[in-house]
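Each remark here refers to the structure printed beneath this line.
The values are calculated or read from the model by the stated rules, or taken from the named source; none is laboratory data. It should be emphasised that the depicted structure is a prediction, and the values quoted were computed from it without experimental measurement. All Cβ positions, glycine included, derive from the backbone under ideal geometry; neighbour counts span all protein chains shown.
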Amino acid sequence: MQIHAPAKLNLCLYLGARREDGLHELCSLFEPLALGDLIEVSEAVEDEVICPGVEGENLALRALRALRAHGWEGPPLRIEIEKRTPVAAGLGGGSADAAAVLRLAAGDVADLEQIAATLGADVPSQLAPSLSLVRGAGETVERLPEPKRHAVVLLPGGGGLSTADVFAEADRLGLGRDEEELEELARRLRLAAGAGASPLAYPELLVNDLEPAACSLRPEIGDALDALRDAGARRALLTGSGPTAFGLFESLAAARDAADALARDDAIVCGAGEAPDLKAGFLA
């Protein structure tokens, strides 16, 4: 069986206070992209996760082990991940892979959402990739209607910017909002996105509070954002903790024209605003 693991985009990210567990309260709007990893699953002698190009323990393997720990009795699996989402780019590729593995046990293992939350802040939202209002540190997910189709140009910038470093820099810079403001922003996002509008219809709400911190650590992010705006992006900002900058466009054609104008080898054009096809089909 082949499974798609869609990348996710933070259309906005509002930063709240640091919690006792060391994480920060957030208010964010996630959406899945057409871009994503392709995962091939087959029966094996023992559980195995293969992901060329990614060093260290893979989050997908941790997800499979978590399923076993919760009593999942599916057959031993070989899970091979073809990475298409840039690694360490703020696009949730590892979280998407882990969520895709958890979906294998849907209906067999209870509390997949709780298991997902133990694996990482972005994993719960990727169990059912869709436009979502995300609160807490990522564990509270409110699904919203599918938005009108649009397109994005991604500039990953080489990846490798530490999430912990960005949040630490945000704390150093004194960034963040109080809980009352986060609640009001969540209300406005719910109202704006709740009717299925394109995010281009509410650009004033598309803000990433981590952007100054990320740019402080990696000034070239600011250059990427400026380049996207010059190329015609209706809105350009950072996704997650970066370093990927993205621009929003009304159509794939407009996004492709912008990518051509940018003339950057790392530019990725992809669609958004439609439910991702999570299963590519069964292998003979």
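Please work out if Val134 is closer than 26 Å to Gly94 by Cβ, part of a strand (DSSP E or B) and either modelled with pLDDT of 95 or more or among the acidic types (Asp, Glu) (or both).
Yes.
If I filter segment 242-259 for residues that are under 27 Å from His4 (Cβ atoms), surrounded by fewer than 22 Cβ atoms within 10 Å (Cβ to Cβ), of a type in the set (Gly, Ala, Ser) and at pLDDT below 95, do I get at least one hit?
No, there is no match, as no residue in segment 242-259 is under 27 Å from His4 (Cβ atoms), surrounded by fewer than 22 Cβ atoms within 10 Å (Cβ to Cβ), of a type in the set (Gly, Ala, Ser) and at pLDDT below 95.
Select from segment 231-241 the residues that are under 17 Å from Leu262 (Cβ atoms), among the small types (Gly, Ala, Ser) and surrounded by 24 or more Cβ atoms within 10 Å (Cβ to Cβ) and list them in ascending order.
None - no residue of segment 231-241 is under 17 Å from Leu262 (Cβ atoms), among the small types (Gly, Ala, Ser) and surrounded by 24 or more Cβ atoms within 10 Å (Cβ to Cβ), so the list stays empty.
How about segment 206-225: which of its residues are assigned to a helix (DSSP H, G or I) and surrounded by fewer than 20 Cβ atoms within 10 Å (Cβ to Cβ)?
Selection gives Pro212, Ser216, Leu217, Glu220, Gly222, Asp223.
Looking only at residues in segment 158-191 that are at positive phi and within 16 Å of the chain's Cα centre (by Cα), which one is modelled with the highest pLDDT?
Checking each candidate, the answer is Gly160.
What is the one condition in (1) without any contact (Cβ under 8 Å) to a residue 40 or more places away in the chain; (2) buried (at least 23 other Cβ atoms within 10 Å of the Cβ); (3) touching a Phe, Trp or Tyr at 6+ places or on another chain (Cβ under 6 Å) that Pro124 does not satisfy?
(3)
Tell me yes or no: at least one residue of segment 108-120 is closer than 23 Å to Asp277 by Cα, touching a helix residue (DSSP H, G or I) at 6+ places or on another chain (Cβ under 8 Å), assigned to a strand (DSSP E or B) and not β-branched (Val, Ile, Thr).
The answer is no, given that none of the residues of segment 108-120 is closer than 23 Å to Asp277 by Cα, touching a helix residue (DSSP H, G or I) at 6+ places or on another chain (Cβ under 8 Å), assigned to a strand (DSSP E or B) and not β-branched (Val, Ile, Thr).
Those residues that are modelled with pLDDT of 95 or more and of a type in the set (S, T, N, Q), I need them from segment 1-44; list them, please.
Correct list: Asn10, Ser28, Ser42.
Condition first: more than 15 Å from Asn208 (Cα to Cα), assigned to a helix (DSSP H, G or I) and out of contact with any Asp or Glu (no Cβ under 9 Å at 6 or more places or on another chain). Now tell me which residues in segment 138-187 satisfy that.
Result: Ala164, Asp165, Ala168, Arg172, Glu180, Glu183, Glu184, Arg187.
Which of the residues that make up segment 42-61 are surrounded by fewer than 18 Cβ atoms within 10 Å (Cβ to Cβ) and either touching a residue at least 12 places away in the same chain (Cβ under 8 Å) or small (Gly, Ala, Ser) (or both)?
Passing the criteria: Ser42, Glu43, Ala44, Val45, Glu46, Asp47, Glu48, Ile50, Pro52, Gly53, Gly56.
Go through segment 63-97 and give me each residue that's among the aliphatic types (A, V, I, L, M) and more than 12 Å from the chain's Cα centre (by Cα).
Within segment 63-97, Ala63, Leu64, Ala66, Leu67, Ala69, Leu77, Ile79, Ile81 meet the criteria.
Can we say Pro199 is modelled with pLDDT of 95 or more, under 29 Å from Ser251 (Cα atoms) and buried (at least 22 other Cβ atoms within 10 Å of the Cβ)?
Here the answer is yes, as Pro199 does meet what is asked.
Modelled with pLDDT of 95 or more and surrounded by fewer than 22 Cβ atoms within 10 Å (Cβ to Cβ), is that true of Leu228?
In short, no.
Which is surrounded by fewer than 23 Cβ atoms within 10 Å (Cβ to Cβ), in a loop (DSSP other than H, G, I, E, B) and either out of contact with any strand residue (DSSP E or B) (no Cβ under 6 Å at 6 or more places or on another chain) or in contact (Cβ under 8 Å) with a residue 40 or more places away in the chain (or both), of Gly90, Gly71?
One residue alone meets the criteria, Gly71.
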